[in-house]
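What follows is calculated from the coordinates using simple rules that are stated; it is not laboratory data. Everything numeric in this text was worked out from a predicted model, so none of it was measured. As a convention, Cβ positions derive from the backbone with ideal geometry for all residues, glycine included, and neighbour counts pool all protein chains shown.
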Amino acid sequence: MNKILQTAIAIALSFFPILTAAQAPPLGTVADFVLFSTDGAVTNTGLSQLTGNVGTNNGPITNFGNVDGLMQGATSTTAAAVADLTIAYNFLDAAIPTYFPAPLLGNGAVWTPGIYSVAQTATLDNTLTLDAQGNGNAIFIIQIEGAFSSTSGSQIILANGAQACNVFWK
């Protein structure tokens, strides 16, 4: 009887794919972009160097001088990217946080792989280090339930194998 109950519970839980460990979201076609807006303009101020494609599905792309990639307005490619970005966003939103930092990020803090949740507006100040602990596949998910800004000179340092392609912001 106990074995049957365990099997039934295991089967039931398989229908609820809740993310409890940091896993990369499915990006689909949006992975082809380094900067993308689903609904609105993409505008740059100041000097920025981007390596990769920039796109929007609705709005202009302005003030980009240093882009090593394509600039894409509303096309079938950007429409597909909107759908894929929605899937990725929902995936990140469903991730169950493992850490709950204060809304002032940085100040020399070192984060290890995981899912971080800030339940309000957040600001990056000084230095935040993302330490992959020697795992080049380590995933960092940062969920911010409000606006995100950074103070002048702030930086995010990738350490011990951490890769920018494995850091996801929601």
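Ranking ALA138, LEU50, GLY153 by how far each Cα lies toward the positive end of the dipole of the chain (charges on Cβ) leaves ALA138 at the top.
The dipole here belongs to the chain: it is taken about the Cα centre, uses +1 on the Cβ of Lys and Arg and -1 on the Cβ of Asp and Glu, and is about 340 debye.
Kindly give the semi-axes, whole Å and largest first, of the ellipsoid equivalent to the stretch 47-170, taking each as the square root of 5 times a Cα gyration tensor eigenvalue.
On the way: eigenvalues 145, 65, 49 Å².
Equivalent-ellipsoid dimensions as semi-axes: 27, 18, 16 Å.
Ranked by how many other Cβ atoms sit within 10 Å of their own Cβ, fewest first, the residues THR77, THR121, THR51 fall in the order THR51, THR121, THR77. Calculated FRET efficiency, ASP93 to GLN133, Cβ-Cβ distance, R0 = 25 Å: about 0.45 to the nearest 0.05. Placing unit charges on each Cβ (+1 for Lys and Arg, -1 for Asp and Glu) gives the chain a dipole about its Cα centre, and among ALA164, LEU27, THR98 the Cα reaching farthest toward its positive end belongs to THR98.
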